[in-house]
Every structure is written in structure tokens, then in C-alpha cells.
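Quick notes on the structure that follows.
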Amino acid sequence: AHSLIWNVQLDQTLMGGWMTRVAYQERVGRDDYAVQPTMTGPQDGVLVLTGDASSRSRSFEVTTGFRSAHGAQQAYVSYVRSSTEGRLNDLMTVTGNRARAQVLEDATAPLNADVPHRLLTWGMFSLPCHLTLSPFLEVRSGFPFTQIDEEWNVVGTRNDFRFPLFVSLD
């Protein structure tokens, strides 16, 4: 397996403690292992391991933030737009930690960790009595999943559905 990863990033410090960052990252994988179920007869089949799978991941990030002169007050906001796509029957997914794998027809689709939209905000704020407040907010689109019926048959296209919007405040 091979992968090529590259990124470009521009950080700019602005007046008054403000900063901004713009970044782009891309990863292209090729010659990954994938499993393809192949029917050899009406009731028989084999699992064929190939080394021709590929994947692609891209992300674009915009971050802006403020830091006071002594660092006592900090606040940042970051938005990431990303896309991750590849073969769904990669070897790790098929042979993973499950006792019995369900090997479906291979397809290229968004991978299980694909998160197209992600907004993060965080900060550190000094409070009286030597206390510090450090909130962290994440809002992101849900992960993709494959809908199945009660007999474990795929309904629609694999990884065509998404879990609901995720919001977390720590």
C-alpha cells in the first residue's frame, strides 16, 4: 500500500492579539487491500483479496482566534470542510474485531469516519479566585452508515445515510 500526503498552511498574526489560519490537506492512498465476494456457483462463493483499492481524503480549515497579551484570555473558532472516500471492503474493516464478518459487495463511498462539516470553538478564560474556565464546543455532521433490514440486507446504497448532527459542550 502507498499513500501520498501533503498540506499547505498559512498562519497570520494580526494586530491586537488576533490570529488566523487557512490550511488544506490531501491524502491519496492506492494499492490498498480490499475483499470482494465472488460467486463461483449458484450457492458457492469465495472471498477474493485484491491489492487495487484506493482512497482519498481532503480537508480545508479556517481558524481564527484571539489571545490577550499575557495569555489569560483566549478564544478560537475553527471550521473544517472535509471529504473522505474509499473502498468499503478494505481489509481492516472486513477482518476487524468482529467474530464473524458480513462481507458485502464492495463499493466506493464515504468512509465510516467521514465528517463533511466540523465547527470547533474553545478558549481559556481567567476567573476570580485563580479559577480558569476552558469551554470546548464541537458541532459536526453525523458519520455515514449503511441502512439494513431485519435480515441484514442492505437498504439503498452503502454509507448513503448519516447519523444526526452531533453537538458536544465540555
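The values are calculated or read from the model by the stated rules, or taken from the named source; none is laboratory data. Everything quoted here is computed from the prediction, not taken from an experiment. Positions of Cβ are backbone-derived with ideal geometry, glycine not excepted, and every protein chain shown enters the neighbour counts. Side chains are part of the model used for accessible areas, which takes the heavy atoms of the whole protein and leaves out ligands, DNA and RNA. Shrake-Rupley method; radii C 1.70, N 1.55, O 1.52, S 1.80 Å.
Does the stretch 141-152 contain any residue that is touching a Lys or Arg at 6+ places or on another chain (Cβ under 9 Å), among the aliphatic types (A, V, I, L, M) and in a strand (DSSP E or B)? No, there is no match, as no residue in the stretch 141-152 is touching a Lys or Arg at 6+ places or on another chain (Cβ under 9 Å), among the aliphatic types (A, V, I, L, M) and in a strand (DSSP E or B). Once the stretch 158-170 is narrowed to residues that are at pLDDT 90 or above and part of a loop (DSSP other than H, G, I, E, B), the residue that is surrounded by the most Cβ atoms within 10 Å (Cβ to Cβ) is Asn159. Restricting the stretch 130-140 to residues that are modelled with pLDDT of 95 or more and part of a loop (DSSP other than H, G, I, E, B) leaves a set whose member that is most open to solvent (accessible area, probe 1.4 Å) is Ser134. Here Arg27 passes the criteria (1) in a loop (DSSP other than H, G, I, E, B); (2) under 28 Å from Trp6 (Cα atoms) except the one numbered (1). Does the stretch 93-110 include one or more residues that are in a strand (DSSP E or B) and either more than 16 Å from the chain's Cα centre (by Cα) or closer than 30 Å to Gly16 by Cα (or both)? No.
Every condition in (1) touching a Pro at 6+ places or on another chain (Cβ under 7 Å); (2) surrounded by 15 or more Cβ atoms within 10 Å (Cβ to Cβ) is met by Ser78 except one, and the failing one is (1). Per the listing His117, His70, the residue uniquely under 30 Å from Trp6 (Cβ atoms) and exposed (fewer than 14 other Cβ atoms within 10 Å of the Cβ) is His117.
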